[in-house]
Each structure stands twice: as structure tokens, then as C-alpha cells.
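Shown next, in C-alpha cells, is the structure this report addresses.
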2 protein chains.
Amino acid sequence: METISENKAFGGTQGVYKHRSDATGGDMTFGLFLPGEAADGPVPVLWYLSGLTCTHENAMSKAGAQGWAAEQGIAVIFPDTSPRGEGVADDEAYDLGQGAGFYVNATESPWAPHFKMWDYITEDLPDLVFKTFALERDRQAITGHSMGGHGALTIAMQHPDRFASVSAFAPICNPTDSDWGRKQLGAYLGADESKWAPHDATLLMRDKGFDGPMLIDTGTDDQFGDLLKTEALAHAAALRRQEIQLRMQPGYDHSYFFVSSFMEDHITFHAEALYSA
Amino acid sequence: METISENKAFGGTQGVYKHRSDATGGDMTFGLFLPGEAADGPVPVLWYLSGLTCTHENAMSKAGAQGWAAEQGIAVIFPDTSPRGEGVADDEAYDLGQGAGFYVNATESPWAPHFKMWDYITEDLPDLVFKTFALERDRQAITGHSMGGHGALTIAMQHPDRFASVSAFAPICNPTDSDWGRKQLGAYLGADESKWAPHDATLLMRDKGFDGPMLIDTGTDDQFGDLLKTEALAHAAALRRQEIQLRMQPGYDHSYFFVSSFMEDHITFHAEALYSA
């Protein structure tokens, strides 16, 4: 693992690191904010999964998470959204290929060799960070924005007992029924839609739900609102009696201005779950 | 109007009053909490509509609203849930007739002569209380529990510009598609289901929504959860991009223990809307 940069921030350290990933078969870069408390021993950790076109860097710079995380004594991990670099397939569209890994393990050509973001986020990167940094494996929570909200919700529901809480900002809620999803799941996983179902938060909510609290914020003026299908997850969660706070936030759009506006609420929400876990 | 009782409470007054109602053609009883500030001039008002089997008295005694209302300087009105007394029709079932007015104007026999709770809550009682007490007609909000949540949501959506905010505790959300609704709407309004639609919060959400913030709390262990159809309203609200906080509260049931647990949140929510109105 190589240290790209480390900056003091809010009494802790905002680092950027590069490492070789077996899952994606190449180098991956991630950000990690460690609060000051990490100097004295392991701290709880919040995973933040980013959306389409993002790298590890966008949320690290624009989501405003570090100040609140410092206040709560929580680390935040900012992974990249896809493999990158020479020999890694790509597409001209912004919503497929590099920057658009969709948090699945691709089985189809040309994506299969490197696009294993599910394994990267759930196995590879955890193995590295829990071995390397002062982080508590028993106190994890997960959040994300848009495609990253989709990743957070599906990974949380598919890993019972791993995460104390899950939240999302404007998540893609029902990708098997949306243009943000059908194209990508088809490209990465093939035409057999039964392979898509494990990566659809609404279908997972109908099937199993999440054993812990869930918080979702989505703006009423989200320019991609029709693609998110918030209504499908809202229906499934209420029907299941899932512990959830679903908030349609008036006037907010899909941007990081929206994300940062509610970051305090999300970090506080996760801190409460993490410290009672 | 006759004063039944007045008790000092939280620096203000909890009163119970009886008056002749033109709408229901008989005497009606209601509770009114006036905070101390009402001695100096009109205060904002929150309507609290009760559920099946309740009178004006249940919420007044058990919902724990007065302390928070006093803190915010807000009055709370607790109307009865149906006409009562000699000559008023009734049914042996707990969910039809007296104590179960469903906040509609009955057109069918034997209910039509007295069961005009829609007019009572939206015209008759407002005329009386704004004439009689130090209440601001321009600063109203509305909430309710179960059948009263149904009343609050439908009345709020049907009276744009009257209420700054609406909330509900475990509301009946989709009565045209529930055993808590089809029986009563059929009995009071007749078999023509087009007459039911104006009294269904989910259908109103699809049709028009509410121009202001909405807060709904429902327990995940609500013993009547299947009858509430929270999922239908959740879907409609998210699809409409309604400004809403929908919270499924883990472990809570349908009782006043649930209502009182979240009363502070609801009064605070309404106060914020009322004082910025």
C-alpha cells in the first residue's frame, strides 16, 4: 500500500492511499478519514460509496463528512467507484464502465476481468483497512449517494450482522426497473434478470430487509428523480415494517450541495447505531 | 357554549366545552388547551383528531401534548370523533357509528341526519373557536391518530392554504382499499366509490398532495399495520415528491404509548411550520 497524501483535518487525518487489489486485478485508490481518537485505539467506521462519474475524491472534498465524523469519533472510508487504468475496459457513456462500476461483480465481456466492485468493497478493501488502520471491524455502518446509495443499500441487506445501520442520499432504489440499472446490470451481469435481483434494493427489501435502522434522504427537485424509483422502495419498506426514516427533502436536487446539507443528520444517525452496537 | 371544566396545566388552561353544532344537529364536546401566551393575544393552533372509539378526552389525557404545546406557545384542540346522544344512530361494532365518524359527511341512512363530522371539523367548530378563544386563524396545523390521522391527512389536502403543516400517528392511509375504510365509507357514503375517493389520503396524494411539510410516524409492530396501508401512501408520496418525513418506528404499536413517545417531535415539527407561516 502506498500513501498518496495525508492531511491534518478536524483534529484527525484525511489520507489517500493506493493498493493492489486482487478483486479488481489492478491498483485502486481510496480516501480514509481517521479522527483524532484513532491515535488511541480502533474507532468505528462509516463506508461512503460514491455515485456515477465519481472517484474516491469527490465525496472526500465536497460531502462535508469529516467535521461531523470527527465530532463523533468515527472514521470514513471513501472508495473509488470502479477499476481504472490501462487495460481496463471503458465506455463512452458516463454511466457505464469506469466511474460506473455499480457495485457488482461483472460476468460479461469486456467487463468481467476487472469490474468486481462487489468483492472489492465487501472483501478486498475491508481486509486491507482493518489490517492496516485503527478501525473496529465490529462497528461498521454504510452510506452512499445515488449509485453509491444503491451500493450501500444492497451491500447492507446482503451482509446481515456486518453493518449497524445503513443510510443513503438519493439512492437508485429499483435498478431492475430503471434506465439507471437495466442498462448496467444487463451489460455487467448479462440478460438473465434473475442475476440482477440480488442488486436491487427494492427487491431485497421485499425479500429480506435490513436488521437495523435505515435513513434515506432524497430531494423533491432531484433532476434524476424518475430514475431513482424512490416510490418503489418506500412501498416495499413500509409493507415490510422496516425500521426506516424516509425523507423527501423539499427543493433539494441531486448534487453534493444536497448531500452536504444532510451529512450531519446521517453521521449522527450512524453514530447512534454504532455506539449502541 | 358551556364550560364543562377548566384546569390549569403547564402554565395554561386545559378546558372542556360543550356547544350546539348545526353540522351534527346536536351537542358536541371538545377539549382545548390554551398555553399561557393566549392571555396576551392569539396563539397558533394545532388540531388533534382522535381515532376509533375515542372521545375528546382520550388524547387530552394520554397523548402528552400539553407540555410540548406550552413550550411552543401553541393551542391544541381535541374534538370528539362523532355525534353522540339521544336520537343519534349507532352500531354494535366498535368501528361504525358513535366513536367512529371517520371525518365524512354521511349521506346514507341511518347516519345522514347527524354524522357530518367533515363539516363539523372544517366549518362548525372552527367558527366557534376562532370567535371565542385567542387563536390565530392564519396559523393552523393538523394532526391525528389512526382514524384521526386519516382525518388530518384528508382534511389538510382538501383545504389548501389552511394548514401550515400536517402530521399523523399511525394513520389509516388508504381506506378505499382496507377493511378500515371500505365498510365505513360504504355505510356513510353509499356504494358509489367515486364518493369515497375524496376521503382517501393515498388517492389525494396521487391527485394533489399537500403544499407544506408532512410528518408520519407508524410503529413497525402496529397490530393494525395491515389495515393502515402505510405502503400505499409511502409510494404515492415518494412518486409525487411530496415534502415528507415518513418514519417506521421500530417496536412501537398502535397505542397512546406510541403516540406520546413521538408527540414532542410532532409538536416541534408543527411549531416550526407555524412560526414560519
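The values are calculated or read from the model by the stated rules, or taken from the named source; none is laboratory data. All values derive from a computational prediction rather than experimental measurement. No Cβ is skipped: glycine too gets one built from the backbone with ideal geometry, and neighbour counts run over all protein chains shown. With ligands, DNA and RNA removed, areas are computed over all heavy atoms of the protein, side chains included. Shrake-Rupley method; radii C 1.70, N 1.55, O 1.52, S 1.80 Å.
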Shape descriptors of chain B over alpha-carbon atoms, Rg and Dmax in angstrom, are 17.2, 50
Take chain A, connect every pair of alpha-carbon atoms lying under 10 Å apart with a spring to form a Gaussian network, then pick out the residue of A:PHE262, A:PHE210, A:PHE78 with the largest mean-square fluctuation.
A:PHE262
Nearest 100 Å² is fine: how much accessible area is buried between B and A, summed over both sides, with a 1.4 Å probe?
1800
With the stretch A:165-277 reduced to its Cα atoms and the Debye formula applied, log10 I(q)/I(0) at q = 0.13, 0.17, 0.19, 0.21 1/Å amounts to -0.52, -0.87, -1.03, -1.17
Relative contact order, percent, of the stretch B:2-276 when contacts are C-alpha pairs under 8 Å separated by at least 6 residues?
18
In nm, to one decimal, how far is the B:GLU123 label point from the B:SER194 one, both placed 7 Å along Cα→Cβ?
2.3
Given label points at 7 Å from Cα along Cα→Cβ, what nm distances, shortest first, separate A:PRO110 from the same residue in every other copy?
8.1
With a 1.4 Å probe and all protein chains left in place, how much accessible area per residue does the protein assembly as shown have, in Å²?
37
Nearest-0.05 FRET efficiency for B:LYS8 and B:TYR94 at R0 = 30 Å, using Cβ-Cβ distance, is 0.30
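Just tell me the longest site-free run in chain A, where the sites are GluC sites (Glu not before Pro) in a DSSP loop having at most 10 other beta-carbon atoms within 10 Å.
So the longest stretch without any such site is A:93-277.
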Just how large is the dipole of the stretch A:170-277 about the Cα centre, in debye to the nearest 20, putting +1 at every Lys and Arg Cβ and -1 at every Asp and Glu Cβ?
340
Amide H to amide H under 5 Å from A:VAL43: which residues, 5+ apart in sequence or cross-chain, H placed 1.01 Å off N in plane?
A:LEU135, A:GLU136
Viscosity 1.002 mPa s, temperature 20 °C: give me the Stokes-Einstein translational D for the stretch A:10-81 in µm²/s, with Rh taken as the Kirkwood radius over C-alpha pairs.
170
Extent along principal axes [Cα atoms of the stretch A:167-212; Å; largest to smallest]
33, 21, 14
With just the Cα atoms defining each centre, how far is the stretch B:236-258 from the stretch A:218-253? Give it in Å.
12
Find the percent of Cα-Cα distances in the stretch B:143-194 that exceed 13 Å, and round it to a whole number.
59
Excluding ligands, DNA and RNA, the carbon-plus-sulfur percentage of the accessible area of the stretch A:1-160 with a 1.4 Å probe reads 44
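Take the solvent-accessible surface of the protein heavy atoms, probe 1.4 Å, and return the percent of it on the stretch B:187-277 that carbon and sulfur atoms account for.
Taking all protein chains in place, the stretch B:187-277 shows 49 percent carbon and sulfur surface.
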Along the positive direction of the dipole of chain B (beta-carbon charges: Lys, Arg +1; Asp, Glu -1; about the Cα centre), which of B:PHE210, B:SER194, B:HIS235 reaches farthest?
B:PHE210
Based on the Cα coordinates of the stretch A:1-124, what is the per residue volume of their convex hull in Å³?
102
In whole Å, how far is the Cα centre of the stretch A:19-92 from that of the stretch B:69-123?
57
In square angstrom, rounded to the nearest 10, how much accessible surface does B:ARG139 have for a 1.4 Å probe?
60
Per-residue ellipticity at 222 nm attributable to helices in chain A (runs of n ≥ 4 DSSP H, -39500 (n - 2.57) apiece, nearest 500 deg cm²/dmol) works out to -8500 deg cm²/dmol
Using a/c under 1.5 as the rounded threshold, could you call the stretch A:231-277 rounded, prolate or oblate? The axes a ≥ b ≥ c are square roots of the C-alpha gyration tensor eigenvalues, and prolate needs a/b larger than b/c, oblate otherwise.
oblate
Grab the alpha carbons of the stretch A:109-163, take their convex hull, and tell me the volume per residue in Å³.
93
List the distances, in nm to one decimal, from the label point of A:GLU272 to the label points of the same position in every other copy, shortest first, placing each label point 7 Å from Cα along the Cα-to-Cβ direction.
1.3
Using Cα springs under 10 Å in a Gaussian network model of chain B, which residue among B:THR154, B:THR81, B:THR230 shows the largest mean-square fluctuation?
B:THR230
Suppose you put the label 7 Å out from Cα in the Cβ direction; list, shortest first and in nm with one decimal, how far A:ALA93 is from each other copy's label.
5.2
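Counting alpha carbon pairs within less than 8 Å and at least 6 residues apart, what relative contact order, in whole percent, applies to the stretch A:1-126?
24
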Kindly identify residues of the stretch B:235-257 having a loss of at least 20 Å² in accessible area between the isolated chain and the assembly of all protein chains, probe radius 1.4 Å.
B:HIS235, B:ALA238, B:LEU239, B:ARG241, B:GLU243, B:ILE244, B:GLN245, B:LEU246, B:ARG247, B:MET248, B:PRO250
For the stretch A:18-102, the charge dipole (Cβ of Lys, Arg +1; Cβ of Asp, Glu -1; about the Cα centre) points to a positive end, and the Cα of A:ALA93, A:GLY31, A:ILE74 closest to that extreme belongs to A:ILE74
Counting Lys and Arg as +1 and Asp and Glu as -1 over every other residue whose Cβ sits under 13 Å from the Cβ of A:ALA134, the net charge comes to 0
Connecting every pair of Cα atoms under 10 Å apart in chain A and solving the GNM, the largest mean-square fluctuation among A:GLY87, A:GLY219, A:GLY151 falls on A:GLY87
Would you please state the base-10 log of I(q)/I(0) at q = 0.08 1/Å for the protein assembly as shown, with intensities from the Debye formula using one equal scatterer on every alpha carbon?
-0.58
Would you check the stretch A:2-276 for Lys pairs whose C-alpha atoms are within less than 16 Å, ignoring same-chain pairs closer than 8 in sequence, and give me the count?
4
